[in-house]
1. Based on what the data block shows, is E415 of a type in the set (D, E, K, R), at pLDDT 80 or above and open to solvent by 50 Å² or more (accessible area, probe 1.4 Å)?
2. Which strands (runs of 3 or more DSSP E) sit wholly inside the stretch 103-175 and have at least 1 residues that are within 19 Å of H388 (Cα to Cα)?
3. Would you point out which residue out of V279, V215, V257, V219 is closer than 26 Å to S334 by Cβ, open to solvent by 60 Å² or more (accessible area, probe 1.4 Å), modelled with pLDDT of 90 or more and not charged (D, E, K, R)?
4. Which of (1) at pLDDT below 90; (2) crowded, with 17+ Cβ neighbours inside 10 Å; (3) not in a strand (DSSP E or B) is the odd one out, the single condition G298 does not satisfy?
5. If you take the residues of the stretch 315-328 that are more than 17 Å from the chain's Cα centre (by Cα) and part of a strand (DSSP E or B), which of them is surrounded by the fewest Cβ atoms within 10 Å (Cβ to Cβ)?
6. Please give the number of the condition N56 fails out of (1) farther than 17 Å from E103 by Cβ; (2) of a type in the set (S, T, N, Q); (3) surrounded by 14 or more Cβ atoms within 10 Å (Cβ to Cβ).
7. Pull out all pairs, ordered by first then second residue, where Cβ-Cβ is under 8 Å, the residues are six or more apart or on different chains, the first lies in the stretch 365-378 and is closer than 20 Å to V348 by Cα, and the second is part of a strand (DSSP E or B) and aromatic (F, W, Y).
8. What are the residues in the stretch 301-330 that are modelled with pLDDT under 85, more than 25 Å from R349 (Cα to Cα) and basic (K, R), if any?
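The values are calculated or read from the model by the stated rules, or taken from the named source; none is laboratory data. Fair warning: this is a prediction, and the values are worked out from it, not measured in the lab. Because the Cβ atoms are built from the backbone with ideal geometry, glycine has one as well, and the counts that use them run over all protein chains shown. Heavy atoms of the whole protein, side chains included, go into the accessibility calculation; ligands, DNA and RNA do not. Shrake-Rupley method; radii C 1.70, N 1.55, O 1.52, S 1.80 Å.
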Amino acid sequence: MTKIVKGGNLPVPGQVWRIAVVRRAAGGEVPEVDTAALLLDAAGRVRGDGDLVFYNQLSHASGAVRLLGRVSLEDDQVADWLEIDTARVEPAVQRVVITASSEGGMFGQVPGLYVRTVSAGSGEQLALYEVDDASTETAFVLGEFYRRDGAWKFRAVGQGYDSGLVGLAEDFGIEGRDPVEPAPVGPQHLAVTKTTDPVDIPAQVASPVGTPAEVASPVATPAPGVQARAESPSPGSPVSSAASPAGLFGEDFPEFVRTGNGRTDITVDVPLPAGFLLVDSYRWGDGYFLLEALGKTGKGEKLLANTTLQDYEGRMLLRHEGRNPLRLRVGSHSEEDWKIVIRPISAVRPLGDGAAGRGADVLLHTGPAGELVGRLRPRDDHAYFHAHGYEPDGSGHLLVNEASRRPKSSRPLPEGPLLVAVRSAEGDWTLDVGPVRDEGRRSGRFWRRTR
């Protein structure tokens with residue numbers, strides 16, 4: 001059984017593959033989950049409404065991607081099955097992303113979510129990816145099949161969104177329109193839309209391999225020589241006071257600083273108010289570095305750093321409930337020194353015009369609505385570039401979501417105040433704010449449920 005982690009990828013031999021999206025069955029506090037697939041071009045966009053395969057459109061016109069159906073499993077689990085025939089994928093399609101959306105709740109309420117990819121012919125498993133960091137998201141890009149140098153590969157993505165299936169589909173270019181008179185909804189209509197060739201859906205899906213729980217290390221004490229470097233300037237310079245728009249996102253509090261090396265768990269022992277916080281992390285040297293916020297059970301709930309960049313310096317946004325002490329986990333595969341600083345939102349820097357940075361960062365937009373143009377120069381030949389905007393009430397807006405050799409994005413930017421969190425940016429990036437563009441967006445949505 002090949003188990004991969006977020007960001008991991010494997011080569012995909014040319015054949016028909018089946019993908020199971022497995023989770024706890026809906027009921028009680030567990031929301032309903034729907035699986036879908038989008039076929040994307042080189043720009044990371046669909047070419048039309050037909051490139052979305054979901055509950056109202058079960059097969060792509062090419063026959064390359066099909067939504068097979070849902071089966072019930074043991075231990076109160078269910079699995080949605082997709083089928084992808086890589087040989088039939090049209091040359092213009094560069095990526096097939098596997099997504100899931102929740103209805104009536106968030107993915108943090110969906111236990112046991114994982115993706116399993118198997119050969120349709122032999123049943124041999126290619127990969128298994130567990131989603132263990134879901135929280136407030138209502139949509140996920142779980143994984144993707146993508147072309148590289150004439151061959152196919154599979155990647156575990158694990159990118160969450162707060163916009164559900166409708167918002168996620170629109171983010172990739174789907175702008176469906178309903179007919180003037182709604183299509184009939186009933187048994188006859190369902191019989192037509194759900195007709196597919198007979199398929200052999202596996203009745204059982206193997207449980208994921210368990211991962212031994214990590215033993216928490218003692219809280220680190222400052223390492224010799226680290227404190228001098230710990231006084232390096234934070235990303236950007238403060239632009240706000242209690243009376244500024246930044247005050248709408250969270251109250252001020254004394255900074256919390258912890259330095260150390262290697263792996264450890266940290267409890268933030270200063271009072272933190274409810275609201276948004278800035279989490280700055282620094283790691284000197286190279287190797288793998290991870291930082292995550294822990295939940296009540298000690299399990300990671302929010303990924304704050306996940307990088308192999310040398311001399312990493314990054315800033316992430318975290319929304320704290322304010323009821324319990326904040327706990328963090330540092331995962332490092334080396335003994336290099338690191339530093340973690342928790343700062344109030346008043347330390348954020350402005351978005352402005354021509355903002356630039358490297359790696360994760362957070363900026364404050366206080367101007368009118370506009371167009372946000374983002375560019376990333378990655379350190380490798382292929383990279384993700386992602387940025388999300390947050391209003392004071394926590395509602396979100398996807399601002400950048402591109403994956404290519406030189407990611408570039410142009411999307412609407414809402415009126416401020418808005419916190420802009422740059423994530424998944426392994427390289428140098430720029431963000432430019434321009435005037436609003438009117439592209440005559442179509443009204444209506446063709447994904448209204450028919451079941």
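1. Yes, satisfied.
2. In the stretch 103-175, the matching strands (runs of 3 or more DSSP E) lie at 139-148, 151-161.
3. Only one candidate qualifies: V257.
4. Just one mismatch for G298, condition (2).
5. R327
6. (1)
7. G374/F385; G374/W429
8. R323 - this is the single residue of the stretch 301-330 that is modelled with pLDDT under 85, more than 25 Å from R349 (Cα to Cα) and basic (K, R).
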